[in-house]
Amino acid sequence: MEKILFIGESEYIMRASRYISEIFGIQSTPICMKNISNINDVTEKFTLLVFCQESSNHDLIYSLFQKIDQDGRKRSVIIHGEISDEIMIDMLNAGAINCISAHESLPVIAAKLKAALRTVIATSQYVIQIGKFLYYSKDQFLLNTASGEKTRLQNRQNQILKYMVRNRGRSVTVDELQTNIWGYSRDTDTHAAEMGIYRLRSKIEENRKDPKILIRQNGGYFLSDESNDL
């Protein structure tokens, strides 16, 4: 599951973190900057890092950002109250995805954070336990943990599985898959999604006629609890 870490001043990060959780159902955790000793240890398990500084005193947020490793910088967004153009340029050049003004409304900030999250997901390597396999999303293969054998996923199969991972916890409809994976309109009469799921099941299920991982639920497809983050 995607996780956002809010790093900053306590009152603002609590409000922003709570809003993201309530509106988008994304797990978010607030932490005060002053309580961080080793930032890279803290940020390792989070998909997106959000550095928040409402006041004009930006020394702490800047020093923390400088200490973060390159991977962390590529997962970072800065929310600032009043940071100089020079420092914003430095942060963006160092790898930050975006700099957002803290004076914008929470709905606008939340929408921008969700867009940043999509960017990180699209360029990141998922490593997910799926049944007896480890799924490597960016490299598009399944690794059998028992035999060590690799199974290559075709582009469309990888897109389906990545979409299902991103939407774990709910059923994904056929129309939704056809719209988001194939780009078809909802009234297009095609069985592309069903065929894609059928072919994907042949690679991840012990028995695709009795699926345990990609199952039918509420008129759609559901990625079962047999898939977990590592």
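Read the figures in this text as sums done on the coordinates, not as results from a lab. Computed from a predicted model, the values in this text were never measured in an experiment. Every residue, glycine as well, gets a Cβ built from its backbone with ideal geometry; the counts of neighbours run over all protein chains shown.
Below, the figures for the structure above:
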| item | result |
| --- | --- |
| Loop-exposed GluC sites (Glu not before Pro) per DSSP, neighbour cap 12 Cβ within 10 angstrom, longest uninterrupted part of the chain | 45-148 |
| FRET efficiency for Ala94 and Ile23, using Cβ-Cβ distance with R0 set to 35 Å, rounded to 0.05 | 0.75 |
| Taking all pairs of distinct alpha-carbon atoms in segment 3-123, Kirkwood radius in angstrom | 14.0 |
| Unit charges at the beta carbon, dipole of the chain: most positive-side option, Ile13, Ala115, Ser105 | Ala115 |
| Distance from segment 145-207 to segment 107-131 (C-alpha centre basis), Å | 18 |
| Charge dipole (debye, nearest 20) of the chain; +1 at Cβ of Lys and Arg, -1 at Cβ of Asp and Glu | 980 |
| Pairwise label distance in nanometres, Glu176 with Lys209, each label 7 Å out on the Cα-Cβ vector | 3.0 |
| FRET efficiency, 1/(1 + (r/R0)^6) with R0 30 Å, evaluated for Ala111 and Ala192 via beta carbons | 0.50 |
| Whole-angstrom Cα spans of segment 101-222 along principal axes, big to small | 53, 37, 23 |
| Stokes-Einstein translational diffusion, the chain - Kirkwood Rh over all Cα pairs, 1.002 mPa s, 20 °C, in µm²/s | 111 |
| DSSP loop trypsin sites (Lys or Arg not before Pro) with at most 10 other Cβ within 10 Å excluded, longest remaining stretch of the chain | 46-185 |
